[in-house]
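For reference, the structure is listed below as structure tokens.
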Amino acid sequence: MNAVPGLGLRLYFLLVSKHEIIPDWEGVEVADVPSALVAAREVLAVLREDPGLDLSGWALRAVDSSCSIVFSLDLDGSVH
């Protein structure tokens, strides 16, 4: 993974379904992968509270600057 000493790691969070990808062109700097995973789970917990939002069939995929998948979260709760 591409980390700059002292700056952590830049990850890009893509929303992915079978038919669509919503890209993250900016990404965010994170201290490390475990802290990024915790933050992603916290955001997803808030999204899941919205009864009008249908998240089935979607995943949040974290990739590094080389487009390697760091982790993927199905929006129904499972981690890959």
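The values are calculated or read from the model by the stated rules, or taken from the named source; none is laboratory data. The model shown is predicted, which means the values in this text are computed figures rather than measured ones. Reconstructed Cβ throughout: ideal geometry from the backbone, glycine too, with neighbour counts over all protein chains shown. Each accessible area value is taken on the protein alone, full model and side chains, heavy atoms only, with ligands, DNA and RNA left out. Shrake-Rupley method; radii C 1.70, N 1.55, O 1.52, S 1.80 Å.
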The answer for trypsin sites (Lys or Arg not before Pro) in region 17-79 that fall in a DSSP coil and have at most 16 neighbouring Cβ atoms within 10 Å is Lys18
Taking amide hydrogens as modeled 1.01 Å from N in the peptide plane, which residues meet the under 5 Å criterion relative to Ser65, leaving out close sequence neighbours? Asn2
Determine which residues of region 24-38 fall in the zone a paramagnetic label at Leu53 would reach in this model, i.e. backbone nitrogen under 15 Å from the point 7 Å along Cα→Cβ. none
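Where Lys and Arg each count +1 and Asp and Glu each count -1, what net charge lies around Gly27 among other residues with Cβ under 11 Å from its Cβ?
Details: positive: Arg10; negative: Asp24, Glu26, Glu29, Asp64.
My count for the surroundings of Gly27 gives -3.
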May I ask you to give the solvent-accessible area per residue for region 9-51, in square angstrom, as obtained with a 1.4 angstrom probe? 72 Å²
Phi-derived 3J(HN,Hα) across region 57-69 with the Karplus relation (6.51, -1.76, 1.60, θ = phi - 60°), rounded Hz, x for Gly and Pro, is x, 10, 9, 9, 10, 9, 10, 8, 5, 9, 6, 6, 6
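Rank these residues by their accessible area, most exposed first, probe 1.4 Å: Val38, Val70. Write out the running numbers ahead of the final one.
Values: Val38 80, Val70 35 Å².
Of Val38, Val70, the descending order of accessible area is Val38, Val70.
Under the rule of -39500 (n - 2.57) per DSSP H run of 4 or more residues, summed and divided by the residues of the chain, what mean residue ellipticity at 222 nm is obtained, to the nearest 500 deg cm²/dmol?
Details: 1 runs with 16 residues, N = 80.
Rounded to the nearest 500, the figure is -6500 deg cm²/dmol.
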State, in angstrom, two size descriptors of the chain derived from its alpha carbons: Rg to one decimal place and Dmax to the nearest whole number. 12.8, 42
Residue by residue, what Karplus-based ³J(HN,Hα) values in Hz, rounded to whole numbers, does region 14-28 have, using 6.51, -1.76 and 1.60 with θ = phi - 60° and x for Gly and Pro? 9, 9, 10, 10, 5, 10, 8, 10, 9, x, 10, 7, 9, x, 9
